[in-house]
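The next block holds one structure in the form of structure tokens; read it before the comments.
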Amino acid sequence: MHNMSNLQSIFPACHVVFPASADSRRATFYLAAEEYIAQKLPADNYLFSWQLSPTVVIGRNQVVHQEINLDFCQAEGIDVVRRKSGGGAIFADQHNIMWSLVTTACAVEPLFQVYAHEVARSLDSLGAQTEVSGRNDITLKNGGKICGNAFYHLANHSIVHGTMLYDTNPRLMQGALTPDVSKLQSKGVSSVRSRVALLKDVLTLTVTELRSRLSSLMTNRTYELTENDLAGIEKLEEAYNNPAYLYGRITSDVERKAVIPGCGTVALYFKLRGTIIEDVHLTGDFFELADAQKTFHDAFCQVTFTPQNMENAIRNHHPERTIRNLTTEQLLQMLSDFSNLYYKQRLWYCMLHLL
């Protein structure tokens, strides 16, 4: 049993029911729904669940190109969004259940504990023996992680949202997410694979049945949203879809320098706002055939910083032609090495890595 003295103050919660037209929306819609519920609905504790097509959701303070393989996501049709809570990037698909709890303002740690223990207790009652571990995880007893959670505050409200791992597509998860290996090493594991478990392996319920049963266990009343409510949610959703919000939150400087035979030293300095190249500077002892600074600036500024986009910028603009004896392939190699700093450590990352 998972005992928390103030559990009943939040649970059973009020189940938010969405109109059928709200099914299969993007993650941005459901994240905006959390805000809408906090702002517009009567004071209560609200719980709802949602499912997604393949999606990566990054944390509030993360830089997109450092956390995910954006080229892979674009090629595979994996949506990429940013949430307002902290923590790490997650991968979710139709085999996962996303949960959102909206409460009146309260202290973070007790709320986290109440929520995690209630989810664990409910899973226990369905046959999955669980325990709450770490600062935001639910794991199977003697097994891996099945739920990760994050939180943030709005005016007079607190929001906890979690990802529940029933099953997943390992190829898409592995290809989409690029974890910082130091995080894994700090936890004494060589791969996240050892850290996760699948609820389908310990339950006889389908993911749809599990979602329904858990909602019944954790709520005892309903609030039905209307089409007008959906319009209000869609209005709030617009901010999540702003490219500057997704890609451009944190400024950083990166550089790549090479000594190229017959050309000389070439050094490129990129100023990034999040994952968007905001400025480029060029230094070295090379000989110019044209205005290299302007040409490199024009080629790369406002480009999303991924290997494929960098290659496209080179092949479309050919800035290397402004530098004597610098070839297209040499510049591609120079920037490929630089970009691969973010991708070379790709492991099977966990969709629940909200750490």
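The values are calculated or read from the model by the stated rules, or taken from the named source; none is laboratory data. Everything numeric here is computed off the predicted structure, so don't read it as measured data. Positions of Cβ are backbone-derived with ideal geometry, glycine not excepted, and every protein chain shown enters the neighbour counts. For the accessible areas, the whole protein counts, side chains as well, though only heavy atoms, and no ligand, DNA or RNA atoms are used. Shrake-Rupley method; radii C 1.70, N 1.55, O 1.52, S 1.80 Å.
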**Request:** Taking only the C-alpha atoms, wrap a convex hull around segment 1-117 and report its volume per residue in Å³ as a whole number.
**Result:** 131
**Asked** How many Å² of accessible area per residue for the chain, probe 1.4 Å?
**Response** 43
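Averaging over every viewing direction, what projected area does the convex hull of the Cα atoms of segment 209-327 cover, in nm²? Please list the in-between numbers first.
Values: hull surface 49.5 nm².
For the Cα atoms of segment 209-327, the hull's average projected area reads 12.4 nm².
What FRET efficiency do you get for His317 and Tyr269 if R0 is 22 Å and r is their Cβ-Cβ distance, rounded to the nearest 0.05? Could you put the intermediate results ahead of the total?
Numbers: r = 18 Å, r/R0 = 0.82.
With a Förster radius of 22 Å, E is 0.75.
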**Message:** Please compute, for the alpha-carbon atoms of the chain, the extent along each of the three principal axes and give them in descending order in Å.
**Reply:** 74, 46, 33
**Peptides 30-43, 234-247 ordered by average Cβ neighbours within 10 Å, highest first** = 30-43, 234-247
**Message:** In whole percent, and with a 1.4 Å probe on the protein chains, what portion of the accessible area of the chain is carbon and sulfur?
**Reply:** 48
**Complete:** Expressed in Å to one decimal, the Kirkwood Rh of segment 52-154 from all distinct alpha-carbon pairs is 15.2
**Request:** Find the centroid of the Cα atoms in segment 90-128 and in segment 141-168, then give the distance between the two in whole Å.
**Result:** 5
**Request:** Could you give the size of the charge dipole of the chain about its Cα centre, using +1 on the Cβ of each K and R and -1 on the Cβ of each D and E, expressed in debye and rounded to the nearest 20?
**Result:** 700
**Request:** Give me the aspartates and glutamates in straight-line cross-link reach of Lys145: C-alpha distance below 15 Å, same-chain residues under 8 apart excluded.
**Result:** Asp124, Glu131, Asp137, Asp167, Asp201
